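Peer 1: Please read through the structure below; I'll follow up with questions.
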Amino acid sequence: MVSVRLFLTLISFVFLIFISVSESKVLEPHVAESFNVSLIQRLGNTCSYTVIISTSCSSTKYTRDQISVAFGDGYGNQIYAPRLDDPSTKTFEQCSSDTFQINGPCTYQICYVYLYRSGPDGWIPDSVKIYSHGSKAVTFSYNTHIPESVWYGFNYCNSASDSSVLAIGLRRSVIILLGFVVAGTTLLL
């Protein structure tokens, strides 16, 4: 009887550890294999976005790199801002934040951002925060080197909804399983 209780307790802990690990997993920035800025639409209503790009303290003191940003929602609305860098105004200096007002098509909730870096210095962003009309601000944390001449960043458009549905389903399954474990343990007593 003690071994049955021990077994059930062990199974419960294994499931709890599995759920904790799977829910704490954060998507890392990645190279955008199929991203193409020439496909970005420039039609429709125009909205204003505030984009705050923070440079990592691990980055070089200043950069000559050319930096561009592209972001959008899960419905194909995309915004592209080429060449945000400007060495004469000290943009993208180490441990600093730069704010840009960018106009583009109106979007729903922003769920992806990609940065493009071209140049010799190896600029390192810390984060990108985007404020848009009628949606909550969204922050994408980088704090890693961006490879040269590729679009590099995050796309939570599909994974966010898929993972939240999966997490809700897993939580419900665990709650039901734990209910059975508690009921079984109580009956064995």
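Peer 1: Working carefully through the options 127, 132, find the one that is at pLDDT 95 or above and among the hydroxyl-bearing types (Ser, Thr, Tyr). Walk me through it before giving the result.
Peer 2: Working: 132 fails: at pLDDT 95 or above.
Testing whether each residue is at pLDDT 95 or above and among the hydroxyl-bearing types (Ser, Thr, Tyr) leaves just 127.
Peer 1: Let me ask something else. Select from the stretch 106-125 the residues that are crowded, with 19+ Cβ neighbours inside 10 Å and under 20 Å from residue 151 (Cα atoms) and list them in ascending order. Let's see the steps before the verdict.
Peer 2: Kept after step one, since they are crowded, with 19+ Cβ neighbours inside 10 Å, are these residues of the stretch 106-125: 107, 110-117, 123-125.
Within the stretch 106-125, 110, 111, 112, 113, 114, 115, 116, 117, 123, 124, 125 meet the criteria.
Peer 1: Only one of 78, 109 is in contact with an Asp or Glu (Cβ under 7 Å, 6 or more places away or on another chain) and more than 20 Å from residue 143 (Cβ to Cβ). Can you tell me which? Before the answer, list the steps.
Peer 2: Numbers: 78 fails: in contact with an Asp or Glu (Cβ under 7 Å, 6 or more places away or on another chain).
None of the others qualify; the one that does is 109.
Peer 1: So which of 79, 146 is open to solvent by less than 30 Å² (accessible area, probe 1.4 Å) and in contact with a Lys or Arg (Cβ under 6 Å, 6 or more places away or on another chain)? Walk me through it before giving the result.
Peer 2: Working: 79 fails: in contact with a Lys or Arg (Cβ under 6 Å, 6 or more places away or on another chain).
Step by step, each of 79, 146 is checked, and only 146 is open to solvent by less than 30 Å² (accessible area, probe 1.4 Å) and in contact with a Lys or Arg (Cβ under 6 Å, 6 or more places away or on another chain).
Peer 1: In the stretch 82-101, what residues are open to solvent by 10 Å² or more (accessible area, probe 1.4 Å) and hydrophobic (A, V, I, L, M, F, W, C)?
Peer 2: To start, the set of residues in the stretch 82-101 that are open to solvent by 10 Å² or more (accessible area, probe 1.4 Å) comprises 82-91, 93-101.
Once the filter is applied, which keeps residues that are open to solvent by 10 Å² or more (accessible area, probe 1.4 Å) and hydrophobic (A, V, I, L, M, F, W, C), the stretch 82-101 yields 84, 95, 100.
Peer 1: Output the qualifying pairs, or none if there are none: Cβ atoms under 6 angstrom, residues six or more apart or on different chains, first residue in the stretch 95-106 and assigned to a loop (DSSP other than H, G, I, E, B), second residue open to solvent by 30 Å² or more (accessible area, probe 1.4 Å).
Peer 2: 95/57; 106/45
Peer 1: Just the residues that are in a strand (DSSP E or B) and touching a helix residue (DSSP H, G or I) at 6+ places or on another chain (Cβ under 7 Å), please, taken from the stretch 108-125.
Peer 2: Within the stretch 108-125, the subset in a strand (DSSP E or B) is 112-118, 125.
112, the sole residue that qualifies.
Peer 1: Now a separate question. Out of all the residues in the stretch 126-151, which are of a type outside the set (A, V, I, L, M), more than 15 Å from residue 83 (Cα to Cα) and not in a loop (DSSP other than H, G, I, E, B)? I'd like the intermediate steps shown before the answer.
Peer 2: Taking the stretch 126-151 first, the residues of a type outside the set (A, V, I, L, M) are 126-127, 129, 131-136, 139-145, 147-149, 151.
From the residues that got through so far, the ones that are more than 15 Å from residue 83 (Cα to Cα) too are 126-127, 129, 131-136, 139-145, 147.
Within the stretch 126-151, 126, 127, 129, 131, 139, 140, 141 meet the criteria.
The values are calculated or read from the model by the stated rules, or taken from the named source; none is laboratory data. Here the structure is a predicted model, which means the values were calculated and not measured. No Cβ is skipped: glycine too gets one built from the backbone with ideal geometry, and neighbour counts run over all protein chains shown. We work out accessible area using only protein heavy atoms, side chains counted, and drop any ligands, DNA or RNA first. Shrake-Rupley method; radii C 1.70, N 1.55, O 1.52, S 1.80 Å.
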